[in-house]
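Undergrad: Before anything else, here's the structure in question.
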Amino acid sequence: MQTITLSESAVAVLRFRAMRCPMKIREQDREAFRELVDAGIMKPDGVSYRFTNDGLMRREDILREREEKIEREMFEPPDASNLSEDARGLLRRIVSGERIEIVAGNRNLFHELAAARIIYLRSSFARGAESAYRFTYYGWHRRFELLGCTKAEA
């Protein structure tokens, strides 16, 4: 499959159209639509734009590829060389599938994992600032390597 490079605004338009969200054609979106037309993903239909047959079949793959690229560029690869044993133990528990709530007693360990670029901390409406976490792109794809084990050992 040929790699398509799209701007952030073209990706946003593609995402809205792929989710079948109603969207008026605004003047500031015209360039994004032109980009999608030039890439062969969409075509003008006189009033609006519609997917080409190829664009309709490939829209999810194009979005997934673009989202992965954004994730990869968001963070540098992790560096677990300075993790404490407690932080490694927490990472091992997370990798094994255990869902761990961030509380005052383990917050410093989560900060350690975030500083190593393995996870990033998020906020939630219900629990407040830094109450949730998510793996970075590289943290997820290298999680077993970071632990120095195979998947079965985690």
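Just so it is clear, none of the values below were taken in a lab; they were calculated from the coordinates. What you are looking at is a predicted structure, and each value in this text was computed from that prediction instead of being measured. Ideal geometry is used to build each Cβ from the backbone, glycine not excepted, and the neighbour counts take in all protein chains shown.
Undergrad: Hey, any idea what Rg/Rh is for the chain, computing Rh the Kirkwood way over Cα pairs? Mind showing how you got there, number by number?
TA: Details: Rg = 20.4 Å, Rh = 18.2 Å.
Rg/Rh for the chain comes to 1.12.
Undergrad: In addition: For the chain, what does the helix formula give at 222 nm: sum of -39500 (n - 2.57) over DSSP H segments with n ≥ 4, over the residue count, nearest 500 deg cm²/dmol?
TA: -14000 deg cm²/dmol
Undergrad: Run the dipole for the chain about the Cα centre, Lys and Arg Cβ at +1, Asp and Glu Cβ at -1, nothing else charged, and hand back the magnitude in debye, nearest 20.
TA: Details: 27 positive and 25 negative charges, 108 e Å.
So the magnitude is around 520 debye.
Undergrad: Let me ask another. Quickly rank 60-73, 35-48 as a protection proxy: mean count of other C-beta atoms within 10 Å, highest first. Provide the component values of the computation, followed by the final result.
TA: Numbers: 60-73: 13.7, 35-48: 15.3.
Descending mean neighbour count gives 35-48, 60-73.
Undergrad: Follow-up question, since we're still on this one. Val37 to Ile70: extension gain in nm, 0.36 nm per residue of separation minus the Cα-Cα distance?
TA: Working: separation 33, 0.36 × 33 = 11.88 nm, distance 2.18 nm.
Taking 0.36 nm per residue and subtracting the Cα distance, the gain is 9.7 nm.
Undergrad: For the range 8-74, take the convex hull of the Cα atoms, compute a quarter of its surface area, and give me that in nm², please.
TA: Working: hull surface 18.4 nm².
Over all viewing directions, the range 8-74 projects a mean Cα-hull area of 4.6 nm².
Undergrad: OK, next. I'd like to compare 11-17, 49-55: which one has the highest average count of other Cβ atoms within 10 Å, and what's the full order after that? The partial results should precede the final answer.
TA: Details: 11-17: 18.7, 49-55: 16.0.
Order by mean packing, descending: 11-17, 49-55.
Undergrad: How would you order 86-96, 113-123 from highest to lowest mean count of nearby Cβ atoms within 10 Å?
TA: 113-123, 86-96
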